[in-house]
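A.B. asks: Mind having a look at this structure? Questions to follow.
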Amino acid sequence: MAFLFTIAAACIGGDKAWADELPLGICQSTAQGPAKFSTALWKGAEIAISEINAQGGVNGRKLKPVPVDVGNNDPAQARLSLNKAIDVDKIVTLVCWGTNVMVQNGPLIDEADIAAFTTSSGTGVVKASKLTQQLEAVTTLYCKVSAKHVKAQYPDVKTFAVLYVNYEFGIEMRDKCADEFGKLGITLVASEGHPNAPPDLRAQVTKLLEAKPDAIYLAPIGGGTVALGIRTARELGFDGLLVTYGAGDTPDIYNLKVAEKNFFFVGNEVPETAPDVVKQTTATYGGYTPFGYEYVWLAAKLIKEAGGSEISGKKLIAKLREEGDIQTPVNRYIFKADGNTTRPLAIFTIANGGRKLERILSASEIE
């Protein structure tokens with residue numbers, strides 16, 4: 001009877017309690033672009049979960065990964081999956097992406113009292129949910145770092161164009177890059193949108209090239225679209241600079257020969273001090289692997305410090321923001337009270353089937 005009472009008590013009230021497991025929600029997708037990120041997230045999370053569970057779990061309870069299907073970055077599909085993960089799987093934390101997914105489901109996260117982390121770069125994500133914290137750099141920071149690198153290393157670039165996914169995230173990336181590049185005297189001369197996971201980009205790139213830009217910034221949500229954009233631009237005769245953000249940090253870009261010249265991306269470095277298994281898995285699955293690892297590590301840290309059997313998203317997020325400056329086994333993060341985060345970024349080129357580190361910018365340097 002005591003055991004049944006404990007479970008019943010866990011299902012009511014504001015806080016959440018479980019007998020022997022701590023379910024952690026991890027967004028997943030079968031869509032072309034997000035599928036690569038979700039696989040990397042899951043692989044990274046599996047590493048941390050295995051390590052922590054081997055040491056006895058957190059406060060005597062084992063961590064359990066729970067997939068949350070967001071479809072093709074579909075807010076409605078995500079809502080169905082989130083409701084199941086909250087009501088049936090009883091997740092205590094969540095990691096997810098997709099500006100539209102996170103913005104439209106922000107109220108649900110707060111209502112469920114779930115501590116959420118996001119790898120979406122959209123600036124509106126944390127405004128939609130008081131209990132969501134960034135793990136990724138936002139669009140403004142990506143564009144700022146990219147613009148400064150172009151100005152310093154490619155002085156002949158005076159104009160640029162943007163090829164972007166035509167929904168909230170891509171539009172925001174286009175506008176933020178126009179601002180940040182513009183501050184340094186690099187003018188946006190053309191922009192073209194495309195649907196998610198387009199089969200062809202020739203029409204859009206052809207229009208961009210009519211403006212004769214010195215550089216093209218690629219702002220899709222990732223997957224094969226970055227590679228498609230690079231190949232299309234080169235096939236149409238563009239030999240200028242191509243730039244993208246973390247969406248280019250995937251094996252299909254590492255193995256793209258035409259990306260080995262006049263191309264760089266701003267992504268997330270895995271330092272030499274990181275666990276070897278994280279570095280090895282990142283090389284196979286791409287730059288989103290550490291996000292999964294660090295998400296689990298942070299969730300475990302916060303739950304352990306909270307103590308007791310009851311877990312509240314409000315308590316976990318408050319603890320995270322109170323501590324603020326946190327060094328994980330991989331990176332240093334500065335978690336801010338408004339949900340935004342400053343984290344290290346790095347600039348990479350491509351060489352010999354892999355990414356080549358050009359420069360690391362620490363969290364404090366970006367700050």
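A.B. asks: Note down the net charge around A76, summing +1 for each Lys or Arg and -1 for each Asp or Glu among other residues with Cβ under 14 Å from its Cβ. Don't skip to the answer; put the middle values down first.
C.D. replies: Values: positive: R79, K84; negative: D69, D74.
Combined, the nearby Lys, Arg, Asp and Glu give 0.
A.B. asks: Which of the lysines could a cross-linker bridge to K319, judged by Cα under 27 Å and excluding same-chain residues fewer than eight apart?
C.D. replies: Within reach: K16, K43, K62, K64, K84, K90, K127, K130, K301, K304, K336.
A.B. asks: What whole-number distance in Å separates the alpha-carbon centres of the range 262-289 and the range 346-367?
C.D. replies: 10 Å
A.B. asks: Which value, in Å² rounded to 10, gives the accessible area of R174 with a 1.4 Å probe and all protein chains present?
C.D. replies: 50 Å²
A.B. asks: Further, regarding this structure: In the chain, carbon and sulfur make up what percent of the accessible area (probe 1.4 Å)?
C.D. replies: 52 percent
A.B. asks: What does the charge add up to near G122, with Lys and Arg as +1, Asp and Glu as -1, over the other residues with Cβ less than 11 Å from its Cβ? Kindly include the intermediate steps, with their values, before the conclusion.
C.D. replies: Numbers: positive: K127, K176; negative: E136, E168, E172.
Result for the local shell: -1.
A.B. asks: Also, quick follow-up: Whole-Hz ³J(HN,Hα) for each residue in the range 103-108, computed from phi via Karplus 6.51 cos²θ - 1.76 cosθ + 1.60 with θ = phi - 60°, x for glycine and proline: what do you get?
C.D. replies: 5, 6, 10, x, x, 5
A.B. asks: Given R₀ = 22 Å, FRET efficiency for R202-D252 by Cβ-Cβ distance, to 0.05? If you can, show how the numbers build up before the last one.
C.D. replies: Numbers: r = 19 Å, r/R0 = 0.87.
Using R0 = 22 Å, I get an efficiency of 0.70.
A.B. asks: Magnitude of the Cβ-charge dipole of the range 66-136, K/R +1 and D/E -1, about the Cα centre, nearest 20 debye? Don't skip to the end; give the middle numbers.
C.D. replies: Details: 5 positive and 8 negative charges, 21 e Å.
Roughly 100 debye, rounded to the nearest 20.
A.B. asks: Follow-up question, since we're still on this one. Evaluate the relative contact order of the chain (contact order divided by residue number), counting alpha-carbon pairs under 8 angstrom at least 6 apart; express in whole percent. Kindly include the intermediate steps, with their values, before the conclusion.
C.D. replies: Values: 758 pairs, mean separation 68.9, N = 367.
Normalised by residue count, the contact order of the chain is 19 percent.
A.B. asks: Which entry in [x] -0.63, -0.83, -1.22; [y] -0.49, -0.71, -1.26; [z] -0.56, -0.83, -1.39 is this structure's computed log10 I(q)/I(0) by the Debye sum over Cα atoms at q = 0.09, 0.11, 0.15 Å⁻¹?
C.D. replies: Among [x] -0.63, -0.83, -1.22; [y] -0.49, -0.71, -1.26; [z] -0.56, -0.83, -1.39, the one calculated here is [y].
A.B. asks: Hey, what do the phi angles of the range 253-259 turn into as Karplus ³J(HN,Hα) couplings, whole Hz, using 6.51/-1.76/1.60 and θ = phi - 60°, x for Gly and Pro?
C.D. replies: Working through the residues one at a time gives 7, 4, 9, 8, 4, 6, 8 Hz.
A.B. asks: If you don't mind, another one. Given H placed on each backbone N at 1.01 Å, which residues far from V95 in sequence or on other chains put an amide H within less than 5 Å of it?
C.D. replies: The list, which skips near neighbours in sequence, is G25, I26, C27, F117.
A.B. asks: Cross-link candidates for K356: which lysines have Cα within less than 22 Å, leaving aside residues fewer than 8 places away along the same chain?
C.D. replies: By straight Cα distance, K356 reaches K36, K144, K148, K151, K257, K261, K279.
A.B. asks: Using Cα springs under 10 Å in a Gaussian network model of the chain, which residue among N352, N340, N59 shows the largest mean-square fluctuation?
C.D. replies: N352
A.B. asks: Still on this structure, I have one more. Accessible area per residue for the range 291-367 in Å², computed with a 1.4 Å probe and the full protein assembly in place, what is it?
C.D. replies: Numbers: 3210 Å² over 77 residues.
Per-residue value: 42 Å².
The values are calculated or read from the model by the stated rules, or taken from the named source; none is laboratory data. Because the structure is a prediction, the values reported are computed rather than measured. Positions of Cβ are generated from backbone atoms using ideal geometry, with glycine treated the same way; all protein chains shown enter the neighbour counts. Just the protein is used for accessible areas: all its heavy atoms, side chains included, with ligands, DNA and RNA removed. Shrake-Rupley method; radii C 1.70, N 1.55, O 1.52, S 1.80 Å.
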